[in-house]
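Reviewing the structure listed below.
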């Protein structure tokens, strides 16, 4: 089952996506819903980010080749985290599928994408064991964790390098019933596949993140957990189009624009 | 003018506080409101956190004596930030005035309070100059930035040391019309004043934070900016009561409990 969130006639709604059709619901996937008889062709709805999270959690350094790439890039030894590496992020940067990523005027050439699987939490959860961890997940969506690498070296908490406006494209859908340990991810820059990897290569899986977070935090319905990317990442330039496709979810597509 | 947010008969409402009376409004201070004829004695309402922020921004190392204390505590040279030092925090930890701060069972003795002035943003804001920065502020409330110092040394982004459940008491009211550069703050542990300082001692003021954030982020109505604390902080133990009083706002009072 695939969920979308969209704007129609000035109101924000959730819908169920089947093929090219979107069935509008009353309510939402977190607190309960009822299907309505209103159906749209997908071209007729303006997709929004599939959820506005109370907290956006982001994991980092979570795939082996990316850990090695990041170390080579920084000229330091690789950091192999002893536990899931995570932090909370601001929510201002969220933009939907087909939204435009704005490259800030003072950004350097090191303005890069990161294709990531994103877990969407469906209910309150605290103290979940690793075995039960996935029971609180509603489904999965796709994130592009846009990063300005030169800023990342000095920012406290990456507040600028990763949280600037438009730096968090997320969508298009939340897909339920997926196995997060075995999903193929493809990242394409201007229709050219730059990397393909499987989420089974994560150093710490979605269940590990949830076990760790819920030891101290109550996860809330709508919270999202971004799980990191694999491999080397490349620079994006105004005019580029970035597509991240994940098996069973769909494709998150965003173009790059510039600030005046 | 003082705003509160409260629960009554199962609904969440905003109210205007005058002396011992709370006047219920329709709407909210961010999107518009109308006073109703419903008034409560303050004892009759259950206060909630005065706002649930889209993003909780936190400044750190922002008062001179605290910078020196933190350095001595860590055995390192003082860090004098060249720009406002900030990051986004999770929202799970928010609790209201009179809520109970829970000391986790694996926390060490270094479980401490931090009394802070908190700016509450009233409207969308981007690219504000320092001179115009305060124009987006609705008012000010009080925060207790509870910190587990031993965890703080290793946590990425302080996700555990500062974001664990109940670690963000905030309230009781949002007061409008204050000058954030000249407010006395008193922090009391079990009715014993441990420190008194003026917000004029901030290294970076509220206007500096807003200028810096809005250069890259769109601030959203309801966002909050915590501005750091002064001096040495002390350990709290189960049974303790922490009060933070700020001139013109009121007193945020929370007791400390323990996890089983």
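Bear in mind these aren't lab numbers, they're just calculated from the coordinates by the rules spelled out. Note that the coordinates shown come from a computational prediction; the quantities given were computed from them, not determined experimentally. Backbone-built Cβ (ideal geometry, glycine too); neighbour counts: all protein chains shown.
Brief remarks on what is shown
- Order of A:113, B:124, A:63 under a 10 Å beta carbon neighbour criterion, fewest first: B:124, A:63, A:113
- Out of every Cα-Cα pair that the protein assembly as shown contains, those further apart than 33 angstrom amount to 40 percent.
- Residue exposure sequence - A:148, A:7 - by fewest surrounding Cβ within 10 Å: A:7, A:148
- Using a Gaussian network model of chain A in which every pair of alpha carbons under 10 angstrom is joined by a spring, one finds that among A:118, A:100, A:224 the greatest mean-square fluctuation is at A:100.
- Counting only Cα atoms, region B:74-173 measures 44, 37, 19 Å along its principal axes, largest extent leading.
- Value of D in µm² per second that Stokes-Einstein yields for region A:171-237, Kirkwood Rh from Cα pairs, at 20 °C (1.002 mPa s): 151 µm²/s
- Chain A: most fluctuating residue of A:119, A:175, A:232 per GNM, C-alpha cutoff 10 Å: A:232
- Among A:104, A:221, A:96, the residue with the largest mean-square fluctuation in a Gaussian network model of chain A, with springs joining Cα atoms closer than 10 Å, is A:104.
- Summed over all non-identical Cα pairs, the Kirkwood treatment of region B:1-48 gives a radius of 10.5 Å.
- Take every Cα pair under 8 Å whose residues are at least 6 apart in sequence, average their separation, divide by the length of chain B, and the relative contact order is 26 percent.
- Computed extension gain for residue A:241 through residue A:190, at 0.36 nm per residue and net of the alpha carbon distance, reaches 17.9 nm.
- In chain A, helical runs assigned H by DSSP with n ≥ 4 each contribute -39500 (n - 2.57); averaged across all residues and rounded to the nearest 500, the mean residue ellipticity at 222 nm is -2500 deg cm²/dmol.
- Annotation for region A:102-116 versus region A:122-144: alpha-carbon center distance of 30 Å.
- Contact order relative to length of region A:1-47, as percent, for alpha carbon pairs under 8 angstrom and 6 or more apart: 33 percent
- Global geometry of region B:1-155, whether rounded, prolate or oblate, following the gyration tensor of its Cα atoms and the 1.5 cut on a/c: oblate
- What separates the Cα centres of region B:185-260 and region A:181-260 is a distance of 36 Å.
- C-alpha center-to-center spacing [region B:27-80, region A:25-84] in angstrom: 28 Å
- Label sites at residue B:28 and residue B:82, each approximated as a point 7 angstrom past Cα along Cα to Cβ, lie 3.9 nm apart.
- Per-residue mean of foreign Cβ neighbours for B:93-100 is 1 (Cβ atoms of other chains, 10 Å radius).
- Residues B:260, A:98, A:193, arranged from fewest to most other Cβ atoms within 10 angstrom of their Cβ, appear as B:260, A:193, A:98.
- Square roots of five times the Cα gyration tensor eigenvalues for chain A, Å: 28, 23, 16
- Taking the empirical scaling 2.2 N^0.38 Å for compact globular proteins as reference, region A:117-260 has a Cα radius of gyration ratio of 1.09.
- Separation of the residue B:134 and residue A:130 label points, Cα + 7 Å toward Cβ, nm: 5.3 nm
- Shortest-first distances to equivalent copies, position residue A:241, nm, label 7 Å out along Cβ: 6.5
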